[in-house]
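Notes follow the structure.
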Amino acid sequence: MKKNRNVGIIGVGQSVYSSHREEVNQPEMINEAVVEALESAGVTIDDVECIVHGNMELFEMIHQPDLWHVLGTGAYGKETLRVTTGGTTGATLVAAADHLVASGLHDVVLAIGFEKLQEGHTTGGITNMADPLWGRQLQTGALTGMTAAQMIDEFGEERAKKVAMKYRIQMDQHAMKNNKAHRRLGLSPDQAEELAENSPQLVGELRMIHMCSQSDGACAMVFASEEKAKALCDQPAWIKDHITAHREEMFCIFGDAPVLSTHRYAARKLFGRCGITNPREEIDLFEMYDPSSWWGSDWLREFLLLEGDAHLKMIENDEIAIDGAFPVNPSGGVIASNPIGATAMVRVAEAALQVMGRAGDHQVPKTVNQALASGFGGTMWTVLFLLTREVPS
Amino acid sequence: MARRVGICAVAQTTYQRDKWHERFQGMALEVLEPLLAQTGLDFSEDKGIGMSISVSDDIFDARTISDNGMTDVLGAHMRCEEKIAQEGIQALYYGLAAIQGGHVDTALVLGHCKESQGQSRNMVTHMAFDPFYTRPVGLDFTAAAGLQAQAYADRSDVGDTHLADIVARAGRMAQLNPATPEAPVLTREEVLASPMLADPIRAHHAYPVSDGAVGMILAAEETALAICDHPVWITGVGNCMDSFFLGDRDLASNFALKQAAARAYQRAGIDQPRDRFDVVEVSDQFAYQQPMWMEGLGLVDEGCGGAWIAGGGPDAMNVNRSGGMLAGNPLILGGLVRAAEVALQLMGLAGERQVADARRGLAHGVMGPAGQFHSVAILERD
């Protein structure tokens, strides 16, 4: 479908991510990200015409939180839109901002995702998403051991566990380069065996060390029409295309029959639309919503349309390292920082910073012409973004 | 110039006090099926509906990700669904952007809410207040409305009798609207005798608790003309956020509504809004809001809402022929139901309450304490 006009990302702001941001309230924490995003874009709040806002209400139990947050978002007197889609919310906010600018309704839009998970009960909140009649007794927050069990089943215990731990340590090494990241543990590869044995088990072989954090934090991004973006920014990150796919059921109730994941479906469709035939070659970088190192490892295969053990080899051969052939999450990813309503936006924002060449210490040592960013949420929901360095034609 | 976007189909459930026999999904299905039947659309991969925009609220639903569990009935299996977690009329704003931006040609809009689920909706709106300064005071949207109603009463000529007449008229209007079967017919005296809820708001001045769902199909011009004989074009949208703390605001000033309306008029190319609308639907959650919002929209002289009511203004200007929000629909769906009603009028499908030859209408939604956020949509037919 023909886009009405191009949209560029011209600014990114992030609060510091932490388990406890007790020194700020929600609007104040959001304001940190907003101020940094505006400065990064070289604009003031007066240049912003519309503010897009999102999170997951039941974590903090604030009803329609954009009303209170106007104190920190800068939305006073402006148009606003509030969109949420669970864990994918952050990426959906980017999609919404893209539409608002592409349509011509607005030239400059600010989008904000946030979560202050310390103020609620994250696992209780997530469990509460399950159907009260059919699923809530079975839901265990975000903890699902199935992927670990399936990978062990498919590739053998030793190899699967090694890959998951290698992925985990790789992500921590990336996070150590990102001063906004929440968990920067300073792990080294020689700790792999000890961690695999001693980290507390959550569900089966899904251990504490594999799992994402729960964080407080906010992310803000500034979007502009092609004309404005070119005037305001030397190198915007352009939104080439995006796709959203939802699926209610997470497994096949008839046994082990393979289930088409929304990740693979969305990637296949997006790549088809954008003429990408070999994603590993044509895409320079991937910011993935990886809730655990088991899911991160497994989902590489889905997003890159790989078969067999190609995804394990990518991890084993250090291809996903910041200086590897296909860098994944140079920011440290979700395992390092996870303020849920912001998390999926951070993926797009970090991919954008890499395209813009403004990722600082975790900038990959190559030109990023095309970057992929994913959001994950709900039961099995995917949002996938493709950003480019060149203006999309 | 971006392409035109039309509303091609409208459907809604009835709005009733307690649909104990139906779940969210059941209500949504009751809306989805007629929308598909009216347009002949489906969810097939290439030619199906491009995206689904839902409207619901996690806290009213008491469920994290209130669109989770709705996926299948929203046609979102392997498809795009995004939730407006704001006043429902914002789904039109968003659908307009997504279609004009070129991302999709068609969008399903579908909102649901069951206000009956909570012991009190005030428990929900109480949670909209910040936990440090305003929540401990015990504020909720009803209490905040009371403060605004008092401020408006001081500033305007609207008194208790006017408010009673608004409620009585809403009940009469609702008798012609099949979506509001439970709306009572009340006399002026009955309303005047009802107890105070949040002075000067009386119990009968408040919109009733209800459950229900409402939906539409939006489409880009070419598709709209192919699937619908009488598309209703979204020609203007506008919204505005006011500040949060009630003490920071002039509660009777209509600041946000004036801004929202000015933006919608500007986009629709309307210089002087007076007498330009054949039908108007405003979200009157409380009786005082009907004249107050009409003033904010620039359709009634400021401070003269009382004279407008006494002079038969609502009938003359076809305001809330549906019965309005006072006849019942859930809070978060208010503006979306108003837009659905205007679309039905412009399509000539409003049955016994049809306004003859209606060509242009205005729909209004409001959210937040004392009207902190307003959203306006202008709809027209060719």
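The values are calculated or read from the model by the stated rules, or taken from the named source; none is laboratory data. Only a predicted model underlies this, so the values are computations on that prediction, with no experimental measurement involved. Cβ placement follows ideal geometry from the backbone for every residue including glycine, while neighbour counts extend to all protein chains displayed.
Things worth noting here:
- Test: B:Ala213 is closer than 30 Å to B:Ile99 by Cα, part of a loop (DSSP other than H, G, I, E, B) and either among the aliphatic types (A, V, I, L, M) or touching a helix residue (DSSP H, G or I) at 6+ places or on another chain (Cβ under 8 Å) (or both): no
- One residue stands out among those in the range B:188-242 that are more than 28 Å from B:Met70 (Cβ to Cβ) and among the β-branched types (Val, Ile, Thr): the one that is surrounded by the most Cβ atoms within 10 Å (Cβ to Cβ), which is B:Ile201.
- Taking (1) more than 10 Å from chain B (Cβ to nearest Cβ); (2) in a helix (DSSP H, G or I); (3) surrounded by 24 or more Cβ atoms within 10 Å (Cβ to Cβ) in turn, A:Ala111 satisfies each apart from (2).
- The criterion of being hydroxyl-bearing (Ser, Thr, Tyr) and either at the interface with chain B (Cβ under 8 Å from one of its Cβ atoms) or under 20 Å from B:Cys240 (Cα atoms) (or both) holds for A:Thr92.
- Among the residues of the range A:278-335, those identified as assigned to a helix (DSSP H, G or I) and hydrophobic (A, V, I, L, M, F, W, C) are A:Trp294, A:Trp295, A:Trp299, A:Leu300, A:Phe303, A:Ala310, A:Leu312, A:Met314, A:Ile315, A:Val334, A:Ile335.
- Within the range B:302-335, being part of a helix (DSSP H, G or I), touching an Asp or Glu at 6+ places or on another chain (Cβ under 8 Å) and buried (at least 24 other Cβ atoms within 10 Å of the Cβ) holds for B:Gly305, B:Trp308, B:Ile309, B:Met325, B:Leu326, B:Leu331, B:Ile332, B:Gly334, B:Gly335.
- Exactly one residue out of B:Arg274, B:Arg249 is among the basic types (Lys, Arg) and surrounded by 18 or more Cβ atoms within 10 Å (Cβ to Cβ), and it is B:Arg249.
- Top-ranked residue of the range B:1-37 - restricted to ones that are assigned to a helix (DSSP H, G or I) and within 14 Å of another protein chain (Cβ to nearest Cβ), ranked as surrounded by the fewest Cβ atoms within 10 Å (Cβ to Cβ): B:Gly26
- Within the option set B:Gly75, B:Gly111, being assigned to a loop (DSSP other than H, G, I, E, B) and in contact (Cβ under 8 Å) with a residue 12 or more places away in the chain holds for one residue only, B:Gly75.
- Flag for A:Gly120 being within 14 Å of chain B (Cβ to nearest Cβ) and out of contact with any helix residue (DSSP H, G or I) (no Cβ under 9 Å at 6 or more places or on another chain): no
- Residue list for the range A:75-95, restricted to those being surrounded by 24 or more Cβ atoms within 10 Å (Cβ to Cβ) and of a type outside the set (Val, Ile, Thr): A:Ala75, A:Glu79, A:Leu81, A:Arg82, A:Gly86, A:Gly87, A:Gly90, A:Ala91, A:Leu93, A:Ala95
- In this entry, B:Ala143 passes the filter for residues that are more than 24 Å from B:Val376 (Cα to Cα) and either touching a residue at least 12 places away in the same chain (Cβ under 8 Å) or part of a loop (DSSP other than H, G, I, E, B) (or both).
- Which numbered condition B:Ile65 misses (of (1) assigned to a loop (DSSP other than H, G, I, E, B); (2) touching a residue at least 24 places away in the same chain (Cβ under 8 Å)): (2)
- Pairing residues of the range A:14-29 that are within 13 Å of chain B (Cβ to nearest Cβ) and without any contact (Cβ under 8 Å) to a residue 24 or more places away in the chain with residues that are in a loop (DSSP other than H, G, I, E, B) and surrounded by fewer than 18 Cβ atoms within 10 Å (Cβ to Cβ), at Cβ distances under 7 Å and at least 6 apart in sequence or on separate chains, gives A:Asn25/B:Phe132.
- Top-ranked residue of the range B:250-265 - restricted to ones that are facing chain A (nearest Cβ under 10 Å) and not aromatic (Phe, Trp, Tyr), ranked as nearest to B:Arg338 (Cα to Cα): B:Ala260
- Here the range A:16-42 is the region considered, the condition is being in a helix (DSSP H, G or I) and of a type outside the set (A, V, I, L, M), and the residue that is nearest to A:Leu353 (Cα to Cα) is A:Ser40.
- Take the conditions (1) facing another protein chain (nearest Cβ under 9 Å); (2) modelled with pLDDT under 95; (3) closer than 22 Å to A:Leu58 by Cα; B:Met78 misses just one of them, which is (3).
- The range A:59-71 - residue that is surrounded by fewer than 24 Cβ atoms within 10 Å (Cβ to Cβ) and assigned to a helix (DSSP H, G or I) and, of those, nearest to the other protein chains (Cβ to nearest Cβ): A:Leu71
- Count - residues of the range B:114-140 that are under 21 Å from B:Gln289 (Cα atoms), outside any loop (DSSP other than H, G, I, E, B) and charged (D, E, K, R): 2
- Some residue of the range A:205-216 being assigned to a loop (DSSP other than H, G, I, E, B), closer than 24 Å to A:Trp294 by Cα and over 21 Å from the mean Cα position of the chain (by Cα): yes
- Scoring B:Met123 on the criteria (1) among the hydrophobic types (A, V, I, L, M, F, W, C); (2) in contact (Cβ under 8 Å) with a residue 24 or more places away in the chain; (3) more than 9 Å from chain A (Cβ to nearest Cβ) leaves a single failure, condition (2).
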